[in-house]
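To keep things clear, I will list the structure first and then write my remarks on it.
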Amino acid sequence: GENVEQHPSTLSVQEGDSAVIKCTYSDSASNYFPWYKQELGKGPQLIIDIRSNVGEKKDQRIAVTLNKTAKHFSLHITETQPEDSAVYFCAASTGAGNMLTFGGGTRLMVKP
Amino acid sequence: GAVVSQHPSRVICKSGTSVKIECRSLDFQATTMFWYRQFPKKSLMLMATSNEGSKATYEQGVEKDKFLINHASLTLSTLTVTSAHPEDSSFYICSASLPGTAYGYTFGSGTRLTVV
């Protein structure tokens, strides 16, 4: 089955700096890679996703890159703000209707 | 957007009792729903996948007789934790795959179960 590794497990940055979280996956059949933000006591919220036919996607301060050959994808957050502090999860799937496999999570702390 | 409403958000029960958690898709029909369990400071672990009108498919190591999943309609899936014990205390989250799209999932807000 799919295995998703996520690094780092914790990340502390100064407000305004950039944050990068990296994930690797094992199943070459995976073709959908979402990123979720989870705040304490809440369910995951999708922040950005990418499909395997695209190498990069950007939405304002958030971007995701995908390297299918190397089987890794990354989340980039620029101009971080204190409200970006949360736990971020990457995930991989072979498509809707199939299970999502999550990475271990990254606790991001943005210091004002 | 597609919303999954999960209830209750928090529940405390006594050991030996059963607890039911509901997930309702409010504005779409959820053919497939997923149930996850999350321990403190850990990732989401898939427990089972349920398709409307079919028996749920459980992941290895998940006791199907303990975690009963019912997906009898396209808008409601339930997880019942039977004969709960303190080790069942956890955060349970449901998710539905979005219809009409090749990709995409929406998550419930989670249920914090505490067994005392």
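FYI, it's all coordinate maths here, none of it is from the lab. Because the structure is a prediction, the values reported are computed rather than measured. Note that each Cβ is placed from the backbone with ideal geometry, even for glycine, and that neighbours are counted across all protein chains shown.
Here are the numbers for the structure shown:
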{"quantity": "Isolated Cys residues of the protein assembly as shown, judged by Cβ distance under 4.7 Å to other cysteines", "calculated": "B:Cys13"}
{"quantity": "Least to most buried among A:Leu75, A:Leu46 (fewest other Cβ within 10 Å first)", "calculated": "A:Leu46, A:Leu75"}
{"quantity": "Projected-area mean, chain B, by convex hull of Cα positions, square nanometres", "calculated": "7.0 nm²"}
{"quantity": "Taking N as its residue count, the alpha carbon Rg of segment A:48-94 over 2.2 N^0.38 Å", "calculated": "1.22"}
{"quantity": "Mean projected area in nm² (Cα convex hull; one quarter of hull surface) for segment A:17-112", "calculated": "6.2 nm²"}
{"quantity": "For segment B:1-54, the fraction of alpha-carbon pairs in successive 5 Å shells from zero, as %", "calculated": "4, 14, 19, 26, 22, 12, 4, 1"}
{"quantity": "Stokes-Einstein D in µm²/s, Kirkwood radius over Cα pairs - the protein assembly as shown at 25 °C with 0.890 mPa s viscosity", "calculated": "136 µm²/s"}
{"quantity": "Within-11-Å neighbourhood charge of B:Ile93 [Cβ basis; K, R +1; D, E -1]", "calculated": "+3"}
{"quantity": "Cβ neighbours within 10 Å from other chains - mean over A:35-41", "calculated": "2"}
{"quantity": "Segment A:29-69 - convex hull of the alpha-carbon atoms, volume per residue in Å³", "calculated": "79 Å³"}
{"quantity": "Share antiparallel - DSSP beta bridges, segment A:27-112, percent rounded to 5", "calculated": "100 percent"}
